[in-house]
Amino acid sequence: MYLNFGEIANNIKALMEEFQTKSQKQQKVESIADMKAFIENYPQFKRMSSNVAKHVTVVGELSRLVATHDLMNVSETEQQLACQGDHSDLLQKIKRLVASEKTSDVDATRLVCLYALRYERHSGNDLSSLLEAMTRKGVPESLRKTVKCVLDYGGASFRQTDLFENQNPVASAKRFFKGLKGVENVYAQHQPLLRSLVEQLVRGKLREGAYPYLGNSQLRERPQEVIVFVVGGVTYEEAAAVHQVNQTSAGVRVLVGGSSIHNCRSFLEEVRKTVSRGSSPRSS
C-alpha cells in the first residue's frame, strides 16, 4: 500500500518471473502424474495468470503516463527544490520543463509554486520570468493565480516551522552531509515535515512553544499512542511517512487523519478558495 512506483515495478517483475517459472513447469506433461498435477494446479495457475495480467496492465498504464508527461524529470526537480540544489541550476530546469509540451499545466504550476516558496527571499529570485513562461505555455489564468495564493497562504512570513530545514543550523548540516554522501533514490529524498514532528514528539523533543498541549502536567514519559489530525487535509505521502515511523518506533503507535485526503489538484484548489475568502494570514 505504501510502496513507490519503482518498488511496485520490482514486485511486478518478481511476480512475472515466478509466473513464467510455473508456466514452464505446466508445459511439461509427460506422465500420468504430470497430468494429475496439472489438473490439480490448474485453477491456481489460472488465478495467477489473471492476477499477473491485471498488475502488468496497471503498471503499463502508469509507465505510459510517466513517459507522456515526463514525470521522472518533473519529480527529480521537485525533489531538488524541496531538499537541495543550486538556485541557478533549478531555475533553468524549471524553465525548460514549463516550456516543454510534455509537462502538464498542473505539473508546471506545482513546480513554480515550489520555487516561489523555496526561493521567496533569495537574492536571485526570478519568479516573474517563470510566470511569464506559464503564460506563454497557455496555462490557465486560474492556475497562474494559484502561485500567488500559495505565497499568500504559506509564504515565509506566515510559516511557523522550518519547512525547508534551511534555518536550523543542525538540520542544515544534516542536509549538507546527506548531499555529500548522496542518496539511494533521488526520487524519494523528501520527507514530509509531519514525519519530523512526530519523531520529535516520540523522542520528547517537540518544542512546547510551537506545539503547546492542554493540562497542567508536563509530558515526561515517551508516548505510546499518538493521534495526529490535520485540519485542512492530510496527504498520501504523510500517511506513508507515519507508516514508516510506526515500522521503526517500537512500542509507539501513531494514527494520522485529517478533514480530507489531498492530492496536488485538491490542495491547490483549497488554497485558492481559502485565500479568495480572505482566510489567509496576509488578509488578516
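Taking into account only those residues within region 252-280 that are in a helix (DSSP H, G or I) and without any contact (Cβ under 8 Å) to a residue 40 or more places away in the chain, which is surrounded by the fewest Cβ atoms within 10 Å (Cβ to Cβ)? Reasoning before the result, please.
Initial filter on region 252-280 (in a helix (DSSP H, G or I)): 264-276.
Applying the additional criterion that residues be without any contact (Cβ under 8 Å) to a residue 40 or more places away in the chain yields 266-267, 269-270, 273.
Working: S266: 13, F267: 17, E269: 14, E270: 17, K273: 11.
The selected residue is K273.
Here R64 meets the list (1) under 20 Å from the mean Cα position of the chain (by Cα); (2) of a type in the set (D, E, K, R); (3) surrounded by 13 or more Cβ atoms within 10 Å (Cβ to Cβ) almost entirely, failing just condition (3). Considering the conditions (1) over 25 Å from the mean Cα position of the chain (by Cα); (2) modelled with pLDDT of 95 or more, V139 is excluded by exactly one of them, (1). Among the residues of region 142-171, the one identified as open to solvent by less than 60 Å² (accessible area, probe 1.4 Å), acidic (D, E) and modelled with pLDDT under 75 is D162.
In region 104-115, the residues that are under 12 Å from V139 (Cα atoms) reach residues that are open to solvent by 20 Å² or more (accessible area, probe 1.4 Å) and not in a helix (DSSP H, G or I) with C-beta atoms within less than 7 angstrom, at least six apart or across chains, in these pairs: S104/H69; D105/P140; D107/H69.
If the condition is being under 22 Å from K145 (Cα atoms) and surrounded by fewer than 17 Cβ atoms within 10 Å (Cβ to Cβ), then region 107-132 contributes E120, R121, H122, G124, N125, D126, S128, S129, E132. Scoring G179 on the criteria (1) modelled with pLDDT under 80; (2) over 22 Å from Q79 (Cβ atoms) leaves a single failure, condition (2). When residues of region 225-251 are filtered for being in contact with a strand residue (DSSP E or B) (Cβ under 7 Å, 6 or more places away or on another chain) and either crowded, with 17+ Cβ neighbours inside 10 Å or assigned to a strand (DSSP E or B) (or both), how many remain? The number of residues fulfilling the criteria is 12.
The values are calculated or read from the model by the stated rules, or taken from the named source; none is laboratory data. Computed from a predicted model, the values in this text were never measured in an experiment. Heads up, the Cβs are rebuilt from the backbone with ideal geometry, glycines too, and the neighbour counts pull from every protein chain shown. Ligands, DNA and RNA are excluded from the accessible area calculation, which covers all protein heavy atoms including side chains. Shrake-Rupley method; radii C 1.70, N 1.55, O 1.52, S 1.80 Å.
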